[in-house]
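Down below is the structure, laid out as structure tokens.
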Amino acid sequence: MQQLELISPKELDRYVGDSDALVIDIRDPREFHVSHIKGAVNIPYNTVREKYFPEEKFLVLYCDRGGASLEAGRYLAKQGYQVGSMVGGFAAYRGRNLVFSG
């Protein structure tokens, strides 16, 4: 079992564009469409358990406020994935990698 790493909103930028990491937005697709973090893929919370992820990648999860990504991250860590969860979620992120499309 892997450990779940807690990632601060300020630390998140180091994973954006990193080929060894996969940033995953687990919010609703409508929320993702309006705004998200650059390079993130949208895999809604209720589908995370059904997905397979590249085992060599560090999975960085975020949700709206941090609770759902923490829960999903714990689950994925138990499955053997290397995973981190952004503390405070999307609401806490103020970095340079925000994308607004809606």
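The values are calculated or read from the model by the stated rules, or taken from the named source; none is laboratory data. Keep in mind the model is a prediction, meaning the values are calculated, not measured. Methodologically, a virtual Cβ is constructed for each residue, glycine included, from the backbone with ideal geometry; neighbour enumeration extends over all protein chains shown. Just the protein is used for accessible areas: all its heavy atoms, side chains included, with ligands, DNA and RNA removed. Shrake-Rupley method; radii C 1.70, N 1.55, O 1.52, S 1.80 Å.
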- Item | Dipole of the chain [Lys/Arg +1, Asp/Glu -1 at C-beta], most positive-end residue of Phe58, Leu76, Leu6 | Leu6
- Message: I'd like to check one number: the per residue accessible area of segment 1-49, probe 1.4 Å, reported in Å² as a whole number.
- Response: 60
- Query: What is the helix-to-structure angle for 67-78, meaning the angle in degrees between its Cα long axis and the longest Cα principal axis of the chain, kept from 0 to 90 and rounded to the nearest 10?
  - Reply: 30
- Message: Taking loop as defined by DSSP and a crowding limit of 15 other beta carbons within 10 Å, which trypsin sites (Lys or Arg not before Pro) in segment 13-102 fit?
- Response: Lys38, Lys51, Arg65, Arg94, Arg96
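Please tell me the relative contact order of the chain in percent, rounded to the nearest whole number, where contacts are Cα pairs under 8 Å and at least six residues apart.
Working: 210 pairs, mean separation 41.1, N = 102.
So the answer I get is 40 percent.
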- Item | segment 1-56-segment 58-85 distance, computed between alpha-carbon centres (Å) | 8
- Message: Counting only helical runs of four or more DSSP H residues, what would the 222 nm mean residue ellipticity of the chain come to if each run contributes -39,500 (n - 2.57) and the total is spread over all its residues?
- Response: -5500 deg cm²/dmol
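Using a probe of 1.4 angstrom, how much of the accessible area of segment 1-75 is carbon and sulfur, in percent?
Working: 2220 of 4490 Å².
Reported share for carbon and sulfur atoms: 49 percent.
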- Note on the structure: Zone reached by a paramagnetic label modelled 7 Å from Asp20 Cα along Cα→Cβ, restricted to segment 70-95 with backbone N below 16 Å, covers 82-84
